[in-house]
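The values are calculated or read from the model by the stated rules, or taken from the named source; none is laboratory data. If you're wondering where the values come from, they're calculated on a predicted model, not measured in any experiment. Methodologically, a virtual Cβ is constructed for each residue, glycine included, from the backbone with ideal geometry; neighbour enumeration extends over all protein chains shown.
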Amino acid sequence: MSNYVTKPIPAEKPGVALVTRPWGSFKQFANNRDCTVSLMTVLPGQRLSLQSHTGRAELWIVIDDGAVVQVGEESRPYAAGAEIWIRANEKHRLSCAGDKPVRVLEVAFGNWQQDDIQRYADDYAR
């Protein structure tokens with residue numbers, strides 16, 4: 001496996017700013033930061049491969065209840081609104097335990113490349 005580190009990767013979860021307004025509030029997860037944002041949707045009973053990346057760290061923001069996330073050796077359910085920090089080179093996996101799809105917003109810091117995926121287990125034999 002190649003090392004795809006070409007951009008700075010934060011060692012810790014970047015600060016999240018909560019901005020309040022008269023109508024409510026919003027969170028800024030990557031204010032003026034170099035990052036890639038993806039919306040992942042996992043179907044009921046399905047899961048991503050157990051994987052890691054050399055070139056990026058990821059902040060996962062759970063949108064729907066029913067997400068099960070494994071980071072390292074620990075796997076546990078997360079409710080909507082949860083934020084999970086996944087460091088570079090850390091094994092991780094997203095699963096859908098409910099009867100409806102789950103969505104997770106991924107904010108990746110570093111160099112996002114498909115070739116950067118190191119798979120340890122995969123239900124789809126990739």
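The residues listed here are Q114, Q70; of these, the one that is surrounded by fewer than 14 Cβ atoms within 10 Å (Cβ to Cβ) and among the polar types (S, T, N, Q) is Q114. What do you reckon, is R76 in a loop (DSSP other than H, G, I, E, B) and either at positive phi or loosely packed, with under 13 Cβ neighbours inside 10 Å (or both)? Criteria not met by R76.
Of the residues R76, R47, R103, R93, which is at pLDDT 95 or above, of a type in the set (K, R) and under 17 Å from D116 (Cα atoms)?
Values: R76 fails: under 17 Å from D116 (Cα atoms); R47 fails: under 17 Å from D116 (Cα atoms); R103 fails: under 17 Å from D116 (Cα atoms).
The match here is R93.
Consider the stretch 62-73 and keep the residues that are not hydrophobic (A, V, I, L, M, F, W, C) and not in a strand (DSSP E or B). The one that is nearest to E12 (Cα to Cα) is G72. If I filter the stretch 17-37 for residues that are surrounded by 14 or more Cβ atoms within 10 Å (Cβ to Cβ) and over 20 Å from I117 (Cβ atoms), do I get at least one hit? Yes, the stretch 17-37 contains at least one residue that is surrounded by 14 or more Cβ atoms within 10 Å (Cβ to Cβ) and over 20 Å from I117 (Cβ atoms). A single member of E12, E58 is crowded, with 17+ Cβ neighbours inside 10 Å and either modelled with pLDDT under 90 or touching an Asp or Glu at 6+ places or on another chain (Cβ under 6 Å) (or both), and it is E58.
Confirm whether A121 is closer than 15 Å to L48 by Cα and over 14 Å from the mean Cα position of the chain (by Cα). Don't jump to the end; show me each part of the working.
Details: closer than 15 Å to L48 by Cα: yes; over 14 Å from the mean Cα position of the chain (by Cα): yes.
So A121 fits the description; yes.
Residues in the stretch 78-112 that are touching a strand residue (DSSP E or B) at 6+ places or on another chain (Cβ under 9 Å) and among the charged types (D, E, K, R) were compared, and the one that is nearest to E12 (Cα to Cα) is R87. Applying the criterion of being touching a Pro at 6+ places or on another chain (Cβ under 9 Å), in a loop (DSSP other than H, G, I, E, B) and not aliphatic (A, V, I, L, M) to the residues of the stretch 88-116, the residue that is nearest to Q28 (Cα to Cα) is P101.
Flag: R119 matches the condition of being charged (D, E, K, R) and either in contact with an Asp or Glu (Cβ under 6 Å, 6 or more places away or on another chain) or part of a strand (DSSP E or B) (or both).
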